[in-house]
Amino acid sequence: MEENKKLVTILIPAYNEEEALPILYERLVKLMDGLPQYNFELLFVNDGSRDKTLDILKEMRKSDSRVCYVNLSRNYGKEVAMIAGFDYINGDCMINIDADLQDPPELIPEMLKYWEEGYDDVYAKRKSRKGESIFKKLTSWGYYRVLQSMTNIQIQTDTGDFRLLDRRCVEAIRQMRESQRYTKGLYSWIGYKKKEILYDRDARVAGKTKWNYRQLANLSIDGITSFTTSPLRWAAIIGMLVSLCGFIYMIIIIAKTLIYGIDVPGYASMMVVILFLGGLQLIFLGIIGEYLGRAFYESKGRPLYFIDCYNEKRETNIK
Ligand code: UDP
Ligand code: MG
């Protein structure tokens, strides 16, 4: 490694990516050859893969010392795999990229260019996404809008984790050790000088997406509850409106009873009110529960992950 060059870490979380890794590596080597002004470090985080991912990484390391890996003790999910990677980054900046080549590495030179110009967070925004279902596109579109409407921090729409972060952003994110992570929100939260570049998102080169809809739904809820407490506020406001209506209705009923005498029928209206209010209460209880659950997880203060092994000569930044 040459001393006077800046070190760029490329961070790649990988879970069962044996088919994609060789293709990814080839593309990255081509890219690194085209950027002789930098030193590179390819930091793979093996997120408890059940296939040959780790063996392939070890094999690659034998022939190329730029390849580094951190092997987690089990599958923790991408969000945690990323923070694990952040703890082991040595570079002056880092570029996070998926193993499946949905994010073209060819954008990296442009990202580095902006970094040299002084931007701290250069993120790629999708103009289009291939190989994804209409339903996924639609839900993702709707979700970002809902999230944005709930917070006054600028949420970056249609961006994933494909981005370049300056060292100081990496250090900032590393300080946020919450266990129910929503890293996309953290990027916005830390601030710093941001730059957006546009690209077309490709379909996966190999393998299948590791996300299922249940995990995506969970991530979406984590996104909202980690970012904003406005659902709680909404619950309170709706509760107040409903009880105001209830109060008015009460006055009407009292007046009616006084004027016209006792009115026995009313089964239908009673049922409607009971069911409606019961449902509303359960929903709000669920919302409160979500936040309580988060507080429960965070209060345990567990380490986010455990490391099984990493490549020799590797030092962690954890102090
Ligand atoms: N990934 C991971 N742990 C997981 C799931 C995914 O490290 O539990 C990695 C995966 O190997 C890939 C990246 O996260 O490099 C994105 O995953 P995927 O392509 O399945 O997600 P999508 O592109 O569909 O959002
Ligand atoms: Mg993908």
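We did not get these values from a lab; they are worked out from the coordinates using the rules stated. Since the model is a prediction, treat every value here as computed from it, not as a measurement. Cβ sites come from the backbone with ideal geometry, for glycine too, and all protein chains shown count toward neighbours.
Points to keep in mind about this one:
- The equivalent ellipsoid that matches the C-alpha gyration tensor of segment 148-249 spans semi-axes of 34, 19, 14 angstrom, in descending order.
- 12 Å beta-carbon shell around Lys52, net charge (K/R +1, D/E -1): -4
- Here the contact order of the chain, divided by its residue count and restricted to Cα pairs under 8 Å and six or more residues apart, works out to 22 percent.
- Packing-based exposure ordering (other Cβ within 10 Å, fewest first) of Ile155, Ile237, Ile197: Ile237, Ile197, Ile155
- GNM flexibility winner over the chain from Gly261, Gly279, Gly191 (Cα, springs under 10 Å): Gly261
- Rounded to whole numbers, the Karplus 3J(HN,Hα) couplings from phi for segment 117-128 are 6, x, 7, 9, 9, 9, 10, 9, 10, 6, 7, 8 Hz, using 6.51 cos²θ - 1.76 cosθ + 1.60 with θ = phi - 60°, and x at Gly and Pro.
- Radius 15 Å from Cβ of Gly293, net charge of other residues (Lys, Arg +1; Asp, Glu -1): 0
- What you get for the chain, charging only the Cβ of Lys and Arg (+1) and of Asp and Glu (-1), is a dipole of about 720 debye around the Cα centre.
- GNM on the chain, alpha-carbon springs under 10 angstrom: the most fluctuating residue among Lys256, Lys125, Lys136 is Lys256.
- Across every pair of non-identical alpha carbons in the chain, the mean reciprocal distance, once inverted, gives a Kirkwood radius of 22.4 Å.
- Pairs beyond 22 Å (Cα-Cα), from Lys5/Lys30; Lys127/Lys195; Lys52/Lys137: Lys52/Lys137
- Amide H within-cut-off set for Lys125, under 5 Å, with H built and near neighbours excluded: Ile197, Leu198, Tyr199
- The residues packed around Glu110, meaning those with a beta-carbon under 13 Å from its beta-carbon, carry a net charge of -1 if Lys and Arg are +1 and Asp and Glu are -1.
- Note that segment 26-105 shows a convex hull volume over its alpha carbon atoms of 105 Å³ per residue.
- In the elastic network of the chain, a GNM with C-alpha springs shorter than 10 Å, the most mobile of Met271, Met32, Met150 is Met271.
- Each helix, a run of at least 4 DSSP H residues, gives -39500 (n - 2.57); summed and divided by the residues of the chain, these come to -16000 deg cm²/dmol at 222 nm.
- Top positive-direction residue, dipole computed over the chain with Cβ charges, set Gly223, Met150, Leu275: Leu275
- Amide H within-cut-off set for Asp308, under 5 Å, with H built and near neighbours excluded: Asn71, Leu72, Ser73
- The DSSP beta bridges internal to the chain are antiparallel in roughly 30% of cases.
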